[in-house]
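Right, one structure below, let's go through it.
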Amino acid sequence: MRRIYFLLPNVPAAADLVKDLRQEGINDDRMHLVARHDVPLGDLPEADTLEKSDLGPALKRGAALGGSSGLLAGLTAMALPTGGLALGGAAVLGIALVGTGFGAWASAMLGASVPDEEIEACHAAIQRGSVLMMLDVDNDRVDTLRAFVRQRHAEADIRDAESTAPPLPDVDLGSEHGHR
């Protein structure tokens, strides 16, 4: 999954792009718009706090750092037993998992308060009335959608693309139980 950023000059331009992307089969849960706080977006899919923050990347960094630290601590404890306590592989794994969980949690707390880098880079334009669209698409559609936007919306400033975690799948609980 990749996130493409488009900077649009105003809300009507953003509304036109949203309409065209909907016609291309892109669901609203894949589009996230950021505008100045006093600019009404109407029925356009507005970005929530999760999309506006650095939570996802921070979570990944924290899990990696915490897991590595936990593994190193577990291996050190296994190699240098103190107090007659000998640790085995399961204990090392447990310490690594605790480190991963703690690192992910601590980084997520910090990441939730840090704005997305691309939003920060576009802050001045957003304050002037521009609208930033974040579009989450499958990796194989990135080039096609960039070309589509370039052709149909010349006013859009196509920004960088970055990897993201896949969105949660749509689940229809009613059909499992015979409800519609």
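Kindly indicate the residue of the stretch 3-29 that is of a type in the set (D, E, K, R) and surrounded by fewer than 17 Cβ atoms within 10 Å (Cβ to Cβ) and also farthest from Ala124 (Cα to Cα) among those meeting that condition. If you could, list the steps in order and put the result at the bottom.
Looking only at the stretch 3-29, we keep the residues that are of a type in the set (D, E, K, R), and these are 3, 16, 19-20, 22, 24, 28-29.
Cutting the leftovers down to surrounded by fewer than 17 Cβ atoms within 10 Å (Cβ to Cβ) gives us 16, 19-20, 22, 24, 28-29.
Numbers: Asp16: 22, Lys19: 26, Asp20: 26, Arg22: 28, Glu24: 30, Asp28: 26, Asp29: 26 Å.
That would be Glu24.
Before we move on, is Ala86 modelled with pLDDT of 85 or more and either within 30 Å of Ala15 (Cα to Cα) or not assigned by TED's automatic domain parsing to the domain that holds Val18 (or both)? Spell out how you get there, then give the answer.
On the way: modelled with pLDDT of 85 or more: no; either within 30 Å of Ala15 (Cα to Cα) or not assigned by TED's automatic domain parsing to the domain that holds Val18 (or both): yes.
In short, no.
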If I filter the stretch 8-29 for residues that are under 17 Å from Asp157 (Cβ atoms) and assigned to a loop (DSSP other than H, G, I, E, B), do I get at least one hit? yes
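Going through the stretch 113-123 one residue at a time, which ones are in contact with a strand residue (DSSP E or B) (Cβ under 9 Å, 6 or more places away or on another chain) and either of a type in the set (D, E, K, R) or at pLDDT 90 or above (or both)? Give the steps one after another, and end with the answer.
Going through the stretch 113-123, the residues in contact with a strand residue (DSSP E or B) (Cβ under 9 Å, 6 or more places away or on another chain) turn out to be 113-119, 121-123.
Selection gives Asp116, Glu117, Glu118.
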When you go through (1) at pLDDT below 90; (2) in a strand (DSSP E or B) one by one for Ile126, which number turns out not to apply? (2)
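Give the residue, chosen from Gly94, Gly103, that is in a helix (DSSP H, G or I), modelled with pLDDT of 70 or more and not assigned by TED's automatic domain parsing to the domain that holds Gln127. Step through it out loud before you land on a result.
Values: Gly103 fails: modelled with pLDDT of 70 or more.
Just one listed residue meets the conditions, Gly94.
The values are calculated or read from the model by the stated rules, or taken from the named source; none is laboratory data. Since we're looking at a predicted model, the values are computed, not measured. In this analysis, Cβ positions are derived from the backbone assuming ideal geometry, glycine residues included, and neighbour counts consider all displayed protein chains.
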